[in-house]
1. Please work out which one of (1) in contact with a His (Cβ under 7 Å, 6 or more places away or on another chain); (2) crowded, with 23+ Cβ neighbours inside 10 Å is the condition Gly313 fails and give its number.
2. Residue under question is Val272, and the condition is that it be surrounded by fewer than 14 Cβ atoms within 10 Å (Cβ to Cβ), without any contact (Cβ under 8 Å) to a residue 12 or more places away in the chain and either touching a strand residue (DSSP E or B) at 6+ places or on another chain (Cβ under 7 Å) or not assigned by TED's automatic domain parsing to the domain that holds Arg321 (or both); does it hold?
3. If the requirement is being within 19 Å of the chain's Cα centre (by Cα), surrounded by fewer than 23 Cβ atoms within 10 Å (Cβ to Cβ) and among the hydroxyl-bearing types (Ser, Thr, Tyr), which of these qualifies: Ser318, Ser337, Ser306, Ser356?
4. When the residues of region 426-442 are narrowed to those that are among the hydrophobic types (A, V, I, L, M, F, W, C) and over 12 Å from the mean Cα position of the chain (by Cα), which ends up nearest to Asp400 (Cα to Cα)?
5. Against the condition assigned by TED's automatic domain parsing to the domain that holds Gly36, touching a Ser or Thr at 6+ places or on another chain (Cβ under 6 Å) and without any contact (Cβ under 8 Å) to a residue 24 or more places away in the chain, how does Ala338 come out, does it pass?
6. Just give me the residues in region 380-421 being buried (at least 21 other Cβ atoms within 10 Å of the Cβ) and outside any strand (DSSP E or B), in sequence order.
7. Taking Gly260 and the conditions (1) of a type in the set (Gly, Ala, Ser); (2) surrounded by fewer than 19 Cβ atoms within 10 Å (Cβ to Cβ); (3) modelled with pLDDT of 95 or more; (4) out of contact with any helix residue (DSSP H, G or I) (no Cβ under 6 Å at 6 or more places or on another chain), which numbered condition does it fall short on, given that it satisfies the others?
Amino acid sequence: MEKMTYPDSVRPFCLRGCKEGNDRYDLVVIGAGSAGLVAAVGGARMGAKVALIEKGLLGGDCLNSGCVPSKAVIASARRAHLLKTAKDMGISSGEIVVDFPAVMSRMKAIRSRLSANDSALRLLSEGVDIFPGNGMFDSPRSIKVGEKTIEFTRAIIATGSSPTVPAIPGLDGVDYLTNKNLFDLEELPESMAVIGGGPLGCEMAQAFARLGCSVTLLQRANRLLPKEDAQAAGLVRKSLESDGVKVLLGVQVTSVRVEGDGTVLAYRDGDVDGDVTVKKVLLAAGRKPNLEGMGLEEANIAYDESGLTVEKGLRSVSNERVFGAGDACLSQRFTHSADMSARICLANAFLPFHKSFNSVPMAWCTYTSPEVARVGITVDQALEQGLKAKEIRVPLEEVDRAVIEGWDKGFLKVVVGRGGKILGATMVGEGAGNMISELTLAVSKGIKLGDLSWVIHPYPTESSVFRRAADILNSRRITPVVRMGMQLWMALVSKFKDKAQKEAERAAKEAAKEAAKEAAKAEREAAKEVLEEKHEPEALPEGNEKVDMLKK
């Protein structure tokens, strides 16, 4: 297969602003990833004069080396898995052959197709001036790109993040993979070691295992997905292991070395040393913000190793003209959080009211099989914050559609506070990422969990799990005291109804008697009138007619 290339549509090029000599802008955006593109286009649509600076590819990691390519590979791996397990549904599919070059070719085609949304031509059509190159601040209100200096009224730093390279002896001598070059692979590796058990590590370990690669995942923590629910992480581990992934938890990689045509990773598991030999090594040990070489000190922009230092509205704490968006300042590094942060920046930069990023409920999903979707906080986090909270759990084996599809190895957990307020939720199951949005909306709009009992969900759908959770909460509110009160009330109502019914029956009988009397009376009067008509004498004729009659 030919080496992977990127579509020309996402290569930034110089038109308008950088050629015409414009040097003053209402808004300058540095970085053309998810956050930067939303900020640039949104600012232009608001009427601002916008410049966008990008030294790499338009679309950032999401389009080129993150969400889009990874989910395309996962989709192919899922199809392969469904074919391999089709016999569980009574279908014989025969031998399954994975054409890895075709998998990567499909991924490339999808990336090219979606690139139109992030293309230079689209940005130019929206009125955004593009400046290819590295943007560097040279004062609190100006940025230098190459030999050109442009001044700004507001600036948004949206430079994204890069993979963290752990300090492992010998790693620098290995041709390791990160998300930056993983999707340039032309052939499926025979074996692979994945360092890191977070979302990326779990997703890629499972996907490549399903495509036929022998995968070993090494995780320093004692469980996968440390930021997620422990039971959710346990289900993901079982699923990975069932797909053939060797999962090593609580281990530390101590060294890496090349040996023959393979790579040897030495690790320590407590007091025991071990090693694994593989063809490829994938680093999935976290990310760091891209802030180097930007001259932030020249613009009095505060930052640390975790990113820009910003207040709740994402404005720099030390330069009020500058905002941060996306991975450059957020701890929640997702495409959708980058998108929302850009919207918050625009609102606070140009509109008279203030919006806080912390006020927006954040949802996310790890796209393993089963998926792990989350919104808000866990019950442990709620208790740590001093909140009174409880957890409602619904296993998917109680959801008819999940049983029908064979996807019943999962659950829904909803964290509720006072009055049934939804504080957060975790869902584990196929399609959980698509379904969590119902609870995200509920959290965002203050809809209580109990209210979902009155929401109709088509049957059979997996989303009925939310109504099931609401029913469980409502049933828990019926304590013995409440039940006793309800029984007393129902007895009183029943007694009142019995008395009212007897009174109604008596009144009906009286009314019937009166009606019968009236009917009889009317009948007698009618008969009397008939008799009177029969015995009434004939009237005598008058005048001559009367005399003639008497003579006769």
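The values are calculated or read from the model by the stated rules, or taken from the named source; none is laboratory data. Note that the coordinates shown come from a computational prediction; the quantities given were computed from them, not determined experimentally. Quick reminder, even Gly has a Cβ in these numbers, built from the backbone with ideal geometry, and neighbours come from all protein chains shown.
1. (2)
2. So Val272 fits the description; yes.
3. One residue alone meets the criteria, Ser337.
4. In this case the residue turns out to be Val428.
5. Considered against the rule, which asks whether it is assigned by TED's automatic domain parsing to the domain that holds Gly36, touching a Ser or Thr at 6+ places or on another chain (Cβ under 6 Å) and without any contact (Cβ under 8 Å) to a residue 24 or more places away in the chain, Ala338 comes out as no.
6. Leu396, Val399, Ala402, Gly410
7. Exception for Gly260: condition (3).
Here is a yes/no grid of residues against (1) more than 21 Å from Gly196 (Cβ to Cβ); (2) not assigned by TED's automatic domain parsing to the domain that holds Leu37:
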{"position": "Thr263", "(1), (2)": "no, yes"}
{"position": "Arg268", "(1), (2)": "no, yes"}
{"position": "Ala302", "(1), (2)": "yes, no"}
{"position": "Lys312", "(1), (2)": "yes, no"}
{"position": "Val317", "(1), (2)": "yes, no"}
{"position": "Phe334", "(1), (2)": "no, no"}
{"position": "Phe350", "(1), (2)": "yes, no"}
{"position": "Arg374", "(1), (2)": "no, yes"}
{"position": "Val379", "(1), (2)": "yes, yes"}
